[in-house]
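Down below is the structure, laid out as structure tokens.
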């Protein structure tokens, strides 16, 4: 056992003035050295590890013990609060201890007391093999919920996590995490007339989304769609209201003039009836009821040499997931000089583009100024990139009482680890975890973010029209 206290800085000892008598206990002052003394000792076994992990004065020793006994975090069944208290005390090269704590935190937040957003934070600090290994421990439903947690935490762009999840649930095609998206495009050529009066072309697009009840919770699933109709760089969209809501690429929310709702084919409190030409059947995934969401659109025209481009977001309109974009379909076609309709390849994405978000913003600006038809604002899409460095977060403080010289060195080392501690404390910056091996450059690499891949994921959902976060958690 070691008794630590600060070294004395006082000069030669001088005799105290004589007192008239013994000082009562209640009036006796505790010597400064006694006030600062902290008892510390090495962790001896797994049982002692549990005690040390729960003692703020011995938690650093518990971390050291984990470096050679990584199973202790699992066998001791550390609680979430203890795991989060220990992580900031892990040094930048103590990969084994960090990995043991992160994996214990992942088990807690996926198996024992699910918190999928927090689970994402734990697993993304691991190296790539660690992510794959931990995702493999999940059931298919748990893996889907982890993917949803990544969306809600703004981490859906990190393919280090999303690729193993897609492989686990056998949905490696883009845009299919929340259900199955199918589509069918049927072009109908027009007729060119050199003397004027071209015959009309059209192109029918049907999109169907079958929600997965494991991860979708919405009483109404609908569609928000943008469109651009361009002849070169000139828009040929003849709707009077469209120029007032174009984004910089002349894309706008696809609604007729004087529409109140920005949802595709909305009419009054519902939607236009689904036909082979147009309309919407809203979807449902709630309370055991699952109904696919379907939309049909048939744009047409008489102008040759034009390109029509659409971005269709499948959105939870009502219910627990309100505002969450489940999938995105990008589709387009070109009409050539002979009025032949040429469909372009359809692309499925998991999240909307920045151009879509700009079109939503433009619709809302128009709605704010258009009081005559009571145009309603759409939910505002946020596409806020995550910071590339470690996120700021609360930094748990150890007892500030200063120990002797040897322990002061340990304290200085702790302060020098500040960047690494912040990364672990925030649980969001991937670090290299190399078992017990310390290799060249390891300290420099300890807080580096993944060098490749979109670590700065876009936030992909909607928030209410005032731009504030939903009360139920982070916005995507």
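Note on residue 347 and residue 77: the model spin-label points, each 7 Å out from Cα along the C-beta direction, lie 5.0 nm apart.
Report the FRET efficiency, 1/(1 + (r/R0)^6), for residue 206 and residue 248, where r is their Cβ-Cβ distance and R0 is 45 Å, rounded to 0.05.
0.90
With the convex hull drawn over the C-alpha atoms of the range 179-381, the volume per residue is 116 Å³.
Please work out the FRET efficiency for the pair residue 372 and residue 141, using the Cβ-Cβ distance as r and a Förster radius of 56 Å; give the result to the nearest 0.05.
0.70
Using the Cβ-Cβ distance between residue 182 and residue 68 with R0 = 56 Å, the FRET efficiency computed as 1/(1 + (r/R0)^6) comes to roughly 0.55.
Largest first, the extents of the alpha carbon coordinates of the range 187-227 on the three principal axes equal 58, 16, 12 Å.
Distance between the pseudo-spin-label points of residue 365 and residue 300 (7 Å out from Cα toward the beta carbon): 3.4 nm. Normalised by residue number, the volume inside the convex hull of the Cα atoms of the range 94-188 is 98 Å³ per residue. An ellipsoid equivalent to the range 68-107, defined through the eigenvalues of its Cα gyration tensor, has semi-axes of 15, 12, 8 Å when rounded to whole angstrom and sorted largest first.
Coordinate-derived values only; no laboratory data. Source: prediction; values computed, not measured. Heads up, the Cβs are rebuilt from the backbone with ideal geometry, glycines too, and the neighbour counts pull from every protein chain shown.
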